Structure formats: C-alpha cells, structure tokens
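Take a look at the structure set out below.
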Amino acid sequence: MGCEPIIIGCSVAFETLPLCLDNRTSPVTITRSRGQLIDPTKSEHDAFDYGDRPSKSQRKRDSTAAQDLGALVAELPRDKIESLGLPEKLQDALIETARISAHEGKRRHLQLIGKLMRNIDLEPIRAALERFSGTSKQEVADMHLAERWRDRFLKETDAVALFANDYAGTDLQQLRTMVRNAQKEQAQNKPPRDFRKIYQFVREAIDVRRAIASGGAASADDLTNDSGAIHQGDGEEQSA
C-alpha cells in the first residue's frame, strides 16, 4: 500500500505488528501481549476485556457450596432425589453415593457431584431441601401462628370468634369443644390430646386459606370437605 509503518518501542514481552489502513494517512501500530491485540487508539480499559468472571476465591467458595449441597441431597431417599428433576448424570451420581462406604472413595465421589452441580441453578434444590425438612420460612411462620392462636383460645374468651372472622368456614362448635376439653386437660393435669388437636385444626385452616389465596382451590368447600376438619357447624353462629 506504500505506507511506512512506524513501530513504537519493542520489548521481549510485546510484539508490535504494523497495520496500514487505506483511509488513514498514518499507519496504526497494533501491539500484541499475551495473545491479545491492543489498539493504541483505544484506552487501556477498552483494550483489555476481562469480562465479569468471578475471582478465584469466589469460584472456590461456589464450588465448596455446591459440593456441600450435593452431600445433603445425597442423604435423601431415592424417591426424593428423583423428584428434584435433576440432570440424569447428576441424579445417578447422587443415588450412587449411598453405595459407597470407603471414606476416600466417598470424598472423591462428592467432589464429582460438586462439579456436576456447578452449571445448574441451586436455589430450587435448596428450596426443596427446606420443604423436605419442614423448616422453610413459611412453614416455621405457620407453626408459630398456629401456636399463638392455640394460646389465645385458652386465655381469651373472644379468641374463637376472632379466629372464625379471619378463617371463613370454621366449625365453631368443634373448635369450642376442643378448647373446653384442652382447658380441662390443663386444669386436671391430663394428657394434652385436645391441646394437640387444636394445633392441627388451626394448621389446616391456615393451609386452606393460603391455598385459596394462591388460586390453588376454587372455593373453601373444595378443601374443607376433603380435610373434614374445617367446616361450618350446622346453624352455628359466626360471632361469640
């Protein structure tokens, strides 16, 4: 092209390559370092594209977290592992863990599981583990809510009516009978049979209301008739 390239500096670490463009009066020198071409017309930030890759320490933490989660999943029964819908290779590896007894062999196998889990979304697995263990945040909240209602039934005379206002379709007669029996159990130091029944009654009411609110049932009757525990008593009034 008749251009005289101008080479600016040279060192062992860099290789300069002349580049002459037809529409430029002066040639441009391209410097290559570690396999990348650097155009001096660009800034240093533009020249090197490091991307958003996580640091080595972050990748190590992610790998350890995946392996630890895999170890927890591997302890589940086979039917629960299969219910997670995991990739076939990972699922087979998790099920195989139960057959490995040697410590070193299991350690290497869990490392393999950790590698297989790196490229999948781990949050659904964590959520499933919480459901299986019954310790999800919602589950814990519902447990505490049922316990608070039970305590109120035994201490506050208007608590049953308040509950019925919040949970439509409550069988007031059944609930009041259980509350009276539970109060007698406490007064006479008897086994807390009705005390436990109240808790189950309230938990079912909470589950029914949540299912209806989330669109899981067409009406309260669809669920209350199935459970047989929460239905309005014949002719029972709705307030105390």
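Quick notes on this structure:
- At R0 = 51 Å, FRET efficiency that the Cβ-Cβ distance of Arg59 and Gln188 yields, to 0.05: 0.20
- Shape class of segment 106-163 from the alpha-carbon gyration tensor: prolate, with a/c at 1.5 or above and a/b greater than b/c.
- Projecting label points 7 angstrom from Cα along Cα→Cβ for Arg148 and Arg126 puts them 2.6 nm apart.
- Bridging of Lys190 to lysines at a Cα separation below 25 Å is possible for Lys155, once same-chain residues fewer than 8 apart are set aside.
- Across segment 100-106, rounded Karplus estimates of 3J(HN,Hα) from the backbone phi angles (6.51 cos²θ - 1.76 cosθ + 1.60, θ = phi - 60°) give 9, 9, 5, 4, 5, x, 5 Hz, Gly and Pro being marked x.
- Pairs from the list Lys80/Lys106; Lys106/Lys137; Lys56/Lys115 with a Cα-Cα gap above 24 Å: Lys106/Lys137.
- These residues, Glu147, Glu88, Glu123, go from largest to smallest accessible area, 1.4 Å probe, as Glu88, Glu123, Glu147.
The values are calculated or read from the model by the stated rules, or taken from the named source; none is laboratory data. As the structure is a prediction and not an experimental result, all values here were calculated from the model. No Cβ is skipped: glycine too gets one built from the backbone with ideal geometry, and neighbour counts run over all protein chains shown. The protein model used for the area step is the full one, side chains on, heavy atoms only, and it has no ligands, DNA or RNA in it. Shrake-Rupley method; radii C 1.70, N 1.55, O 1.52, S 1.80 Å.
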